[in-house]
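First up is the structure itself, then whatever we jot down about it.
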Amino acid sequence: MEYYEKAREILERHRKEIISGAEKTLQSTFEKGVQLFPDPSDLASVEEAQGFSFRLKEREKKLLRKIDEALERLKSGSFGICERCGEAIEEKRMLARPVTTFCISCKTLLEEEEKAEKIRR
Ligand SMILES: [Zn+2]
């Protein structure tokens, strides 16, 4: 499809943003760690600081995985096809949210089901 190239650009830009953002987080956490534990020979403290930043990155990791999956779908040609009904998803929606795998009506239905599920619980 014609908009694939545009979608790929958006996904790759987003990917780079997340990675550089995560690097900044790691760096500032490390700097904070150094301040908190001024003795650099205190290896346990450094590891603690790193563990903290890894936890922070959990969200980014999830996002990155979604982006990679979307890039895979671009390669395989299933990008922009709704996972639920198999219909083509609107180009506008795919460019606004390239990691999505559902068309608007399926997404709405799924959200309603989720809400109903929560009320039942
Ligand atoms: Zn659908």
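Hey, among the residues in region 68-88 that are touching a Phe, Trp or Tyr at 6+ places or on another chain (Cβ under 7 Å) and in a loop (DSSP other than H, G, I, E, B), which one's surrounded by the most Cβ atoms within 10 Å (Cβ to Cβ)? Reasoning before the result, please.
Of region 68-88, the ones touching a Phe, Trp or Tyr at 6+ places or on another chain (Cβ under 7 Å) are 70, 73-74, 79, 82-84.
Filter once more, so that each one left must be in a loop (DSSP other than H, G, I, E, B): 79, 82-84.
Details: Phe79: 22, Cys82: 17, Glu83: 14, Arg84: 13.
The extreme case among them is Phe79.
So which residues in region 91-112 are assigned to a loop (DSSP other than H, G, I, E, B), in contact with a helix residue (DSSP H, G or I) (Cβ under 7 Å, 6 or more places away or on another chain) and more than 9 Å from the ligand (Cβ to nearest atom), if there are any at all? Can you show your working first?
Taking region 91-112 as the starting set, the residues that turn out to be assigned to a loop (DSSP other than H, G, I, E, B) are 97-103.
After this cut, where a residue has to be in contact with a helix residue (DSSP H, G or I) (Cβ under 7 Å, 6 or more places away or on another chain) as well, the list is 98-100, 102.
Once the filter is applied, which keeps residues that are assigned to a loop (DSSP other than H, G, I, E, B), in contact with a helix residue (DSSP H, G or I) (Cβ under 7 Å, 6 or more places away or on another chain) and more than 9 Å from the ligand (Cβ to nearest atom), region 91-112 yields Pro98, Val99, Thr100.
Can you confirm whether Arg65 is farther than 17 Å from Lys6 by Cβ, more than 15 Å from the ligand (Cβ to nearest atom), surrounded by fewer than 15 Cβ atoms within 10 Å (Cβ to Cβ) and at pLDDT 85 or above?
Details: farther than 17 Å from Lys6 by Cβ: yes; more than 15 Å from the ligand (Cβ to nearest atom): yes; surrounded by fewer than 15 Cβ atoms within 10 Å (Cβ to Cβ): yes; at pLDDT 85 or above: yes.
Considered against the rule, which asks whether it is farther than 17 Å from Lys6 by Cβ, more than 15 Å from the ligand (Cβ to nearest atom), surrounded by fewer than 15 Cβ atoms within 10 Å (Cβ to Cβ) and at pLDDT 85 or above, Arg65 comes out as yes.
Of all residues in region 68-90, how many are more than 16 Å from the ligand (Cβ to nearest atom) and farther than 19 Å from Lys16 by Cβ? First the steps, then the outcome.
Of region 68-90, the ones more than 16 Å from the ligand (Cβ to nearest atom) are 68-72, 74-77.
From the residues that got through so far, the ones that are farther than 19 Å from Lys16 by Cβ too are 76-77.
Selection size over region 68-90: 2.
The values are calculated or read from the model by the stated rules, or taken from the named source; none is laboratory data. Since this is a predicted model, take the numbers as computed values, not measurements. Note that each Cβ is placed from the backbone with ideal geometry, even for glycine, and that neighbours are counted across all protein chains shown.
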